[in-house]
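Worksheet: one structure, shown below.
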Amino acid sequence: MTADEPQWEEDFRAALEHIKDTATYATRILVAQEAMGWMYRGDLEGARRAVAKLPPDQLAALSAAAAALAALADEEMIRHANP
């Protein structure tokens, strides 16, 4: 910050950066949900298009979440099959 730059300007820039980061995170969650929605409907190409929008770190998180969800769904199916 320079001597003639008011503090509010720096605070405003920091707030805008935080909003940008939060919006990016939210968008990535929505894209992951979009991919799951396509897969749920059996549309592999739609899911592929959605997944292609994500950066590598998010692909790893999506993969781990999908595997965990699949395991939970399998456990629940077994529980229902064997009451």
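The values are calculated or read from the model by the stated rules, or taken from the named source; none is laboratory data. Because the structure is a prediction, the values reported are computed rather than measured. Positions of Cβ are backbone-derived with ideal geometry, glycine not excepted, and every protein chain shown enters the neighbour counts. When the accessible area is computed, the model is the full protein with side chains, heavy atoms only, and any ligands, DNA or RNA have been set aside. Shrake-Rupley method; radii C 1.70, N 1.55, O 1.52, S 1.80 Å.
For the chain, the solvent-accessible area of protein heavy atoms averages 80 Å² per residue (probe radius 1.4 Å; ligands and nucleic acids excluded).
Using the Kyte-Doolittle scale, which helices in the chain average at least 0.0 and also have C-alpha atoms spread 30 Å or more along the helix axis, with helices defined as whole DSSP H runs?
56-81
The candidate values were [x] 6.2; [y] 5.0; [z] 8.4; the one computed from these coordinates for mean projected area of the Cα convex hull in nm² carries the label [z].
Over the chain, Cα pairs under 8 Å with separation of 6+ residues give a relative contact order of 18 percent.
Once the Cβ-Cβ distance between Asp74 and Ile19 is put in as r, and R0 is 41 Å, what FRET efficiency do you end up with, to the nearest 0.05? Once the sixth-power term is evaluated, E becomes 0.55. How many percent of the accessible area of the chain is carbon or sulfur, using a 1.4 Å probe? About 65 percent, which is the carbon plus sulfur part of the accessible surface.
Taking +1 at the Cβ of each Lys and Arg and -1 at the Cβ of each Asp and Glu, which of Trp8, Ile78, Leu30 sits farthest along the dipole of the chain towards its positive end, judged by Cα position relative to the Cα centre? Checked the options; the winner is Ile78.
Given +1 at the Cβ of Lys and Arg, -1 at the Cβ of Asp and Glu and no other charges, the dipole of the chain around its Cα centre is 600 debye to the nearest 20.
Placing +1 on the Cβ of each Lys and Arg and -1 on the Cβ of each Asp and Glu in the chain, which of Tyr40, Leu54, Ala65 has its Cα farthest towards the positive end of the resulting dipole? The residue sitting most towards the positive pole is Tyr40.
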